[in-house]
Amino acid sequence: MSLQPTIEYTVPEQTVRVAKAAFPKGTLCLQIYDQLGTIFQDQDFADVFPKRGQSAEAPFRLALITILQYVEGLSDRQAANAVRSRLDWKYLLCLELEDPGFDHSVLCEFRGRLLSGGVEHRLLEKLLELLKAHQLVKGRVRARTDSTHVVAAVREMNRLERVIETMRATLNVLATVLPEWVQQTIPADWVERYGPRAENYRLPEETRERIAYAEHVGGDGNALLDALWSAPTPAWLRKLPAVDILRQVWIHNFIPVDGGGTQWRERSDLPPSALHISSPYDAEARYAKKRDQGWLGYKVQITESCDEALPHLITQVHTTPAVVGDNDALPVIHAALQQAELLPDTHLVDTGYMDVQLLVDSRETYGIDLFGPVRVNHQRQCREGHGFDLSQFHIDWDTQRVTCPTGKVSPVLRPGVDSGGHEILHTLFRRDDCGPCPERPRCTSSHSRRRAITVKPKPLYDALNDARARQQTQAFKEQYQQRAGIEGTISQGVRAFGLRRSRYRGLAKTRLQHIATAVAINLVRLGAWFNGTPFGTTRRSAFVRAMEPVLA
């Protein structure tokens, strides 16, 4: 399909007259057009359409329809029917009343164009650019960020099920693309083993029998891989994604043995979750666990502005595999906000983002006050409430020496790295000083009978101490209460927009879903803002409300 962009769209006169008569108080679609216009333009997506061929549907309409699908939870077919039948949609899309619409498959094709062109982020970017022009969102105000889990559009399987299902998925792909090769190469008895879906109740129950069955499947997988790499087999079969997934799953779960057999790997010998393929149907989904919540899929980071004088709108959304930590995602979030010219002055986050290096980098690189509770001091002395913790030692950064509470001075601090590869400074007090010291039981329980000190470099050390001191103040507690609003945003995304369940398979498609969801939430909130609806408040149970007079 080719595209000849139209510079400007307006609502046809008849559509305006009928829509205004039908909806005298307006609807969300009417409000959005009257306040913001079409939001998107054809030129915004011109680079993902060819210049020759059959004329394409207007990209601005397809982008708006994609967002409206998330606003109302519609499938492609339902959305295409709404274009034909909904008066308020025709108003926003600048369509004549008798316009017949288009086939629903055009919407799937449009999403594919966004993904193949890597421009799905424009859905949110173009809205934010328009809102900045209307002074409805701006940088250097407060913002808040939090994350939530996203369940992939695949079922969870145990390890043996996953191996069998990977074999089955590969055979199905091969049978689709080259059935003749499958008929000539695959043994007939594999139909019984890999024809049905892998289900745990069909598998042996005893551990020894399960291992034997797994190793038998491993031998079948090796035979299939050998056949694919044999001379008569077309080379392009080896390049299929399903074949590569099979190869990786076999490396992760089996150890080759002499004679062509396989050995089922022990659980302790498996790769880390960040590398382990959990489903052949979504090779990017990963298993993660946070506290008591375990899930297979992804994680989404939501950032919204929270200035009281402006609508609270999502300014950035970042989707990652489930195993990526919040602190690893924060630099990407800040870089994206800087590119959008929407960096906050104060960024409200929870402890998961309050890495001390990020605390310093946010201030020095972006001028952001990363505002949240840092992790508490876990030293035994601090945890037990007696003894000498690190805060009671004096560090002379000029001489690089540490003085203990009894006045003894350590040798020079020496640089090193911790288990995570971060720079540290460490020293060990002299045995002659610690051994006879009467306060030694309060200071260390080390078998070496002397105290070891490990600290971060001075900028990080000072930043951590300042943050710990700040979070003890009443002013911190009052300001930090504003972070709770992001949990309400996530709740809205989950309850009204299905945020925690991926509609599609793969990271790129899930990211597109989250971007479209963010735009949909913004449009709904803008509609409430235009209507003068006040901000929502944190829900309180009937019991809490009833007890307020007692607690006052």
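The values are calculated or read from the model by the stated rules, or taken from the named source; none is laboratory data. Values in this document were obtained by computation on a predicted structure and should not be read as measured data. Here Cβ is always computed from backbone atoms with ideal geometry, including for glycine, and neighbour counts include all displayed protein chains. Side chains included, ligands, DNA and RNA excluded: accessible areas come from the protein's heavy atoms. Shrake-Rupley method; radii C 1.70, N 1.55, O 1.52, S 1.80 Å.
The packing ranking of peptides 418-431, 69-82, 507-520, 292-305, highest mean first, is 507-520, 292-305, 69-82, 418-431, where packing means the average number of other beta carbon atoms within 10 angstrom of each residue.
Which shape class, rounded, prolate or oblate, goes with the chain when its Cα gyration tensor gives a ≥ b ≥ c as root eigenvalues, a/c under 1.5 marks rounded, and past that a/b bigger than b/c marks prolate?
On the way: a/c = 2.33, a/b = 1.17, b/c = 1.99.
Verdict is oblate for the chain.
The range 323-342 and the range 492-507 have Cα centres spaced 21 Å apart. Based on protein heavy atoms only, the chain ends up with 51 Å² per residue of surface accessible to a 1.4 Å probe. Volume per residue of the convex hull around the Cα atoms, evaluated for the range 497-546, comes out as 101 Å³. The sum of -39500 (n - 2.57) across all DSSP H runs of n ≥ 4, divided by the residue count of the chain, sets its helix-only mean residue ellipticity at 222 nm to -13500 deg cm²/dmol. Under 16 Å of direct C-alpha separation, and excluding same-chain neighbours fewer than eight residues apart, LYS299 reaches these lysines: LYS289, LYS290, LYS509.
If you take the Cα centroid of the range 411-428 and the Cα centroid of the range 203-225, the two points sit 48 Å apart. Surface composition of the range 262-329: carbon and sulfur atoms hold 46% of the protein heavy-atom accessible area at a 1.4 Å probe. Heavy-atom surface analysis with a 1.4 Å probe gives the range 154-196 a carbon and sulfur content of 53 percent of its accessible area.
Taking the alpha-carbon centroid of each part, what is the distance from the range 138-171 to the range 9-69 in angstrom? So the two Cα centres are separated by 33 Å.
How would the range 1-117 be classified by its alpha-carbon gyration tensor: rounded, prolate or oblate, with rounded meaning a/c under 1.5 and the a/b versus b/c comparison settling the rest?
On the way: a/c = 1.85, a/b = 1.55, b/c = 1.19.
Prolate, since a/c reaches 1.5 and a/b exceeds b/c.
Per residue, the average separation of C-alpha pairs within less than 8 Å and at least 6 apart gives the chain a relative contact order of 17 percent.
Within the same chain, aspartates and glutamates fewer than 8 places from LYS477 are excluded, and of the rest, those with a Cα less than 14 Å from its Cα are ASP350. By a straight-distance test (C-alpha under 23 Å), which lysines pair with LYS138 as possible cross-link partners, with residues fewer than eight away in the same chain excluded? Result set, ordered by chain and number: LYS126. Taking every Cα-Cα distance in the range 428-552 and sorting them into 10 Å bins starting at zero, the pair-distance distribution P(r) comes out as 9, 18, 19, 20, 15, 13, 6, 1 percent.
Scalar couplings 3J(HN,Hα) for the range 317-324, obtained by applying the Karplus form with A = 6.51, B = -1.76, C = 1.60 to θ = phi - 60°, are 9, 9, 10, 9, x, 4, 7, 6 Hz; x denotes Gly and Pro.
Using a 1.4 Å probe on the protein heavy atoms, what percent of the accessible area of the range 13-142 belongs to carbon and sulfur? Can you show the working numbers first?
Working: 2880 of 5920 Å².
Carbon plus sulfur share of accessible area: 49 percent.
So for each of 400-411, 334-345 I average, over its residues, the number of other beta carbons within 10 Å; can you give me the resulting order with the highest mean first?
Working: 400-411: 15.6, 334-345: 18.1.
Output ranking for 400-411, 334-345: 334-345, 400-411.
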